[in-house]
Amino acid sequence: MRKRFIAGATCPKCQAQDTLALWQENNIDVVECVRCGHQMREADKQAQKQVRTNEQVIGIFHPE
Ligand SMILES: [Zn+2]
């Protein structure tokens, strides 16, 4: 599954920057912090805000 990192996004849980990865699951945007594992769904207002304000992608992550 392809994951994109969101530049400048801050994890609402651990406050780390540039650790949020974004991908789609059943046409739902899923955002996960790779540092603490905190997950947000598109339905989550906080996730929407993170994604909408940080649409600049800094990299593509390919898990093995
Ligand atoms: Zn986190």
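The values are calculated or read from the model by the stated rules, or taken from the named source; none is laboratory data. Everything numeric in this text was worked out from a predicted model, so none of it was measured. Cβ sites come from the backbone with ideal geometry, for glycine too, and all protein chains shown count toward neighbours.
Comparison of ARG35, ARG4 shows that the only residue that is surrounded by 13 or more Cβ atoms within 10 Å (Cβ to Cβ), under 12 Å from the mean Cα position of the chain (by Cα) and at pLDDT 95 or above is ARG35.
For the range 38-55, the count of residues that are surrounded by 15 or more Cβ atoms within 10 Å (Cβ to Cβ), near the ligand (Cβ under 10 Å from one of its atoms) and modelled with pLDDT of 90 or more is nonzero. Of all residues in the range 4-16, those that are of a type in the set (A, V, I, L, M) have Cβ atoms under 7 Å from Cβ atoms of residues that are at pLDDT below 90 and within 12 Å of the ligand (Cβ to nearest atom), 6 or more apart or on another chain, in ILE6/GLN50; ALA9/GLN50.
Look through the range 12-23, keep the residues that are within 10 Å of the chain's Cα centre (by Cα) and part of a strand (DSSP E or B), and return whichever of them is nearest to the ligand (Cβ to nearest atom). Once the filter is applied, the top-ranked residue is LEU20.
Looking across the range 1-11, the residues that are away from the ligand (no atom under 12 Å from the Cβ) and in a loop (DSSP other than H, G, I, E, B) come down to MET1, ARG2, ALA7, GLY8.
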